[in-house]
1. Hey, can you rank 16-27, 152-163 by average C-beta count inside 10 Å, highest first?
2. If I take the Cα coordinates of the range 115-192 and project them onto the principal axes, what are the three extents in Å, biggest first?
3. Quick one: grab Rg to one decimal and Dmax as a whole number for the range 142-228, Cα atoms only, in Å.
4. Antiparallel DSSP bridges in the chain: what percent, to the nearest 5?
5. Give me P(r) over the chain, computed from all C-alpha to C-alpha distances, binned every 5 Å, as integer percentages.
6. Using the Cα gyration tensor of the range 179-219, with a ≥ b ≥ c the square roots of its eigenvalues, what is the shape: rounded (a/c below 1.5), prolate (a/b larger than b/c) or oblate (neither)?
7. For 54, 39, what's the fewest-to-most ordering of other Cβ within 10 Å of each Cβ?
8. What is the P(r) of the range 66-136, as percent of Cα-Cα pairs per 10 Å bin from 0?
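Derivation of every value follows stated rules applied to the coordinates shown; laboratory data play no part. Given the structure is predicted, the values throughout are model-derived calculations rather than measurements. Quick reminder, even Gly has a Cβ in these numbers, built from the backbone with ideal geometry, and neighbours come from all protein chains shown.
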Ligand code: DC
């Protein structure tokens, strides 16, 4: 890992606002952005497409090493687009089914280690903001600023529900709440790289904060630590 590259890690459970916060900070600072969850989702989708069982550790490790993915970020368009074997799979990656499959894949040590070098390669000047579950605890352990962003399960379910409605999709709030709680349990209880705050992480509860407020706090902290 290139330790001199300034890195901000943002870990936390799904729906805490990590994606929106990291995207906004990357744009504000013109830094690189790593959405590590997207890599786990891509590996899971690749397994599904190639009919590989989600508990086949050896096959997932081989697939993780050889994963044919690329990302594009087009000015004026929303966020990063992900391509798997040349096909734009961005929308498919965000489905609950792929999320659950990613959670299973992410519980396996060989799959995680297969994606490690790929994640570390994102550390480039002028800086990197890395979004995930183990950015501060494993992948970028030496990062000078680590954030653990969280929010209550109810608030996260409400946000996901609103997102679905805004996209013209339907969503059942009770089912979403249960799905989010189940994913939290899976991510926090797994043996390898469980979701937890790094010992030196700043804990930020976004339940009553806007994206702008969270970004403002992180950028002030980065300034205080002379990262920007
Ligand atoms: O953030 P997300 O919902 O896109 O992540 C998808 C799954 O991948 C989620 O269940 C947690 C897992 N994940 C992980 O284990 N480690 C990461 N660094 C990022 C995501």
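1. On the way: 16-27: 22.0, 152-163: 17.2.
My ranking of the peptides, most packed first, is 16-27, 152-163.
2. Sorted largest first, the three principal extents are 41, 30, 22 Å.
3. 15.7, 45
4. Values: 7 of 24 bridges.
Taking every DSSP beta bridge within the chain, about 30 percent pair in antiparallel fashion.
5. Histogram of Cα-Cα distances, whole percents per bin: 1, 7, 14, 19, 21, 18, 13, 6, 1, 0.
6. On the way: a/c = 3.81, a/b = 1.65, b/c = 2.31.
Judged from the Cα gyration tensor, the range 179-219 comes out oblate (a/c at least 1.5, b/c at or above a/b).
7. On the way: 54 20, 39 24.
By the 10 Å Cβ count, ascending: 54, 39.
8. Answer for the range 66-136: a P(r) of 15, 45, 37, 4 percent.
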